[in-house]
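Everything on this sheet refers to the single structure shown next.
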């Protein structure tokens with residue numbers, strides 16, 4: 001998946017969930033949804049969370065809503081396609097952000 005596709009996915013998901021950071025994000029979405037069909041194959045999703053402050057947070061609570069946003073935005077056909085999820089919780093970085101990377105899932109044979 002190329003950088004333009006990842007940017008498009010991130011911008012579309014932010015707008016779909018009411019979290020666009022700027023009008024530029026909304027403008028990107030205006031061009032991209034018709035060009036990016038929903039992903040219909042298994043994927044791996046990686047989250048990099050930068051909380052807005054130093055309060056303690058449960059990492060597992062940071063995952064469900066963004067996955068639902070990817071489906072609601074029409075980027076994933078359904079969240080059952082997510083085969084691997086990873087989360088890295090970074091130091092506080094006001095105003096906070098959540099970076100999401102979606103990639104093709106590759107099964108590992110034992």
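Where a number appears in this text, it was derived from the coordinates with a stated rule and is not lab data. Worth saying up front: this structure is predicted, and the values here are computed from it rather than measured. Don't worry about glycine lacking a Cβ; one is built from the backbone with ideal geometry, like all the others, and counts go over all protein chains shown.
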Across the stretch 58-105, what is the total count of residues that are assigned to a loop (DSSP other than H, G, I, E, B), free of Cβ contacts under 8 Å to residues at least 60 places away in the same chain, touching a strand residue (DSSP E or B) at 6+ places or on another chain (Cβ under 9 Å) and under 19 Å from residue 39 (Cβ atoms)?
2
Filter the stretch 45-62 down to residues that are surrounded by 14 or more Cβ atoms within 10 Å (Cβ to Cβ) and either more than 13 Å from residue 99 (Cβ to Cβ) or more than 12 Å from the chain's Cα centre (by Cα) (or both), then give me how many there are.
2
